[in-house]
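Asker: After the structure tokens below, expect a handful of questions from me.
The values are calculated or read from the model by the stated rules, or taken from the named source; none is laboratory data. It should be emphasised that the depicted structure is a prediction, and the values quoted were computed from it without experimental measurement. Cβ placement follows ideal geometry from the backbone for every residue including glycine, while neighbour counts extend to all protein chains displayed. Ligands, DNA and RNA are excluded from the accessible area calculation, which covers all protein heavy atoms including side chains. Shrake-Rupley method; radii C 1.70, N 1.55, O 1.52, S 1.80 Å.
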Amino acid sequence: MSDASKENQENLESNQATEIAAEEIPVEEAVAGPEAALAAAKEEAARRYDQYVRACADLENYRKRAQREKEDLARFANENLIREILPVLDNLERAVEHASTDEADVQGLLEGVCMTMDQFRKALAKFGVAPIETLGKPFDSAVHEAMGQLESADQPPNTVAQELQKGYLLNDRLLRPALVMVTRQPAKKSETETN
């Protein structure tokens with residue numbers, strides 16, 4: 001082995017020895033001994049356990065709070081709708097109270113009820129409720145429910161001739177179909193009936 005390679009080999013071994021010494025036990029632990037290292041490890045474990053317990057408590061509190069908020073949301077989801085409807089109920093109660101008096105003015109009562117119905121429609125419209133137009137419209141099975149047929153020579157077949165119950169859309173989705181009567185062509189009279 002040449003001198004240069006011997007020197008390189010010695011340098012390499014010296015560097016490895018230095019790296020191993022640097023990776024070994026820190027100076028404080030080496031000085032204090034294994035009892036101090038054990039105490040430090042126990043302290044670290046206690047600190048970590050305390051963090052774990054706090055995290056579990058926080059998670060449980062979050063779960064309870066989320067459950068409470070979910071229950072409150074379900075209980076009070078229709079609060080705005082009810083606020084809009086309460087004045088309508090107030091006006092209907094006033095109309096009934098007025099009608100029960102001896103000197104009740106029927107025309108005034110009728111106007112009051114009509115105003116209340118308008119107020120009710122406006123409250124529903126605020127929440128996206130719209131009536132379905134029916135009379136004179138072609139029958140549409142998506143929004144109409146046929147309850148029967150009427151003979152009519154004035155209107156084309158399958159036209160809505162009578163509305164039995166008003167239908168409604170909620171934000172353009174069917175809330176309740178309109179119950180309608182649909183036209184059909186009049187039956188042709190037999191020759192014996194015509195003579």
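Asker: Could you tell me whether any residue of region 116-125 is touching a Phe, Trp or Tyr at 6+ places or on another chain (Cβ under 7 Å), assigned to a helix (DSSP H, G or I) and among the β-branched types (Val, Ile, Thr)?
Answerer: No, region 116-125 has no match at all.
Asker: If Glu60 passes every condition in (1) closer than 20 Å to Phe127 by Cα; (2) in a helix (DSSP H, G or I); (3) of a type outside the set (S, T, N, Q) but one, which one does it miss?
Answerer: (1)
Asker: Separate question: Can you pull out every residue in region 122-163 that is over 20 Å from the mean Cα position of the chain (by Cα), closer than 24 Å to Val88 by Cα, at pLDDT 90 or above and of a type in the set (A, V, I, L, M, F, W, C)?
Answerer: Ala130, Ile132
Asker: Filter region 162-185 down to the residues that are touching a Ser or Thr at 6+ places or on another chain (Cβ under 9 Å), surrounded by fewer than 17 Cβ atoms within 10 Å (Cβ to Cβ) and part of a loop (DSSP other than H, G, I, E, B) and list them by number.
Answerer: Once the filter is applied, which keeps residues that are touching a Ser or Thr at 6+ places or on another chain (Cβ under 9 Å), surrounded by fewer than 17 Cβ atoms within 10 Å (Cβ to Cβ) and part of a loop (DSSP other than H, G, I, E, B), region 162-185 yields Lys166, Gln185.
Asker: Determine the pairs where a residue that is on the phi < 0 side of the Ramachandran plot and without any contact (Cβ under 8 Å) to a residue 24 or more places away in the chain, located within region 170-181, has a partner that is open to solvent by 40 Å² or more (accessible area, probe 1.4 Å) and not aliphatic (A, V, I, L, M) with Cβ atoms under 6 Å apart, the partner being 6 or more residues away or on another chain.
Answerer: Arg176/Tyr168
Asker: Also, I was wondering about something else. Just for region 87-114: of the residues that are of a type in the set (A, V, I, L, M) and either at pLDDT below 80 or open to solvent by 50 Å² or more (accessible area, probe 1.4 Å) (or both), which one is farthest from the chain's Cα centre (by Cα)?
Answerer: In this case the residue turns out to be Ala104.
Asker: Right, something else. Can you tell me which of Val96, Val88 is touching a helix residue (DSSP H, G or I) at 6+ places or on another chain (Cβ under 7 Å), in a helix (DSSP H, G or I) and farther than 30 Å from Val160 by Cα?
Answerer: After ruling out the rest, the residue left standing is Val88.
Asker: Here is a follow-up. Only residues in region 133-153 that are β-branched (Val, Ile, Thr) count as the first member; pair them with residues that are in a loop (DSSP other than H, G, I, E, B), Cβ under 8 angstrom, at least 6 apart or cross-chain, and list the lot.
Answerer: Close Cβ pairs satisfying both conditions: Thr134/Lys166; Thr134/Gly167; Val143/Ile132; Val143/Gly167; Val143/Pro177.
Asker: Conditions: (1) open to solvent by 90 Å² or more (accessible area, probe 1.4 Å); (2) at positive phi; (3) not β-branched (Val, Ile, Thr). Tyr49 meets all but one. Number of the miss?
Answerer: All conditions pass for Tyr49, except number (2).
Asker: If you go through region 122-150, how many residues are charged (D, E, K, R), open to solvent by 90 Å² or more (accessible area, probe 1.4 Å) and within 18 Å of Leu174 (Cβ to Cβ)?
Answerer: Qualifying residue count for the region: 1.
Asker: Then there's this: Filter region 66-81 down to the residues that are open to solvent by 90 Å² or more (accessible area, probe 1.4 Å) and either in contact (Cβ under 8 Å) with a residue 40 or more places away in the chain or closer than 17 Å to Lys126 by Cβ (or both) and list them by number.
Answerer: Residues satisfying the conditions are Asn78, Asn80.
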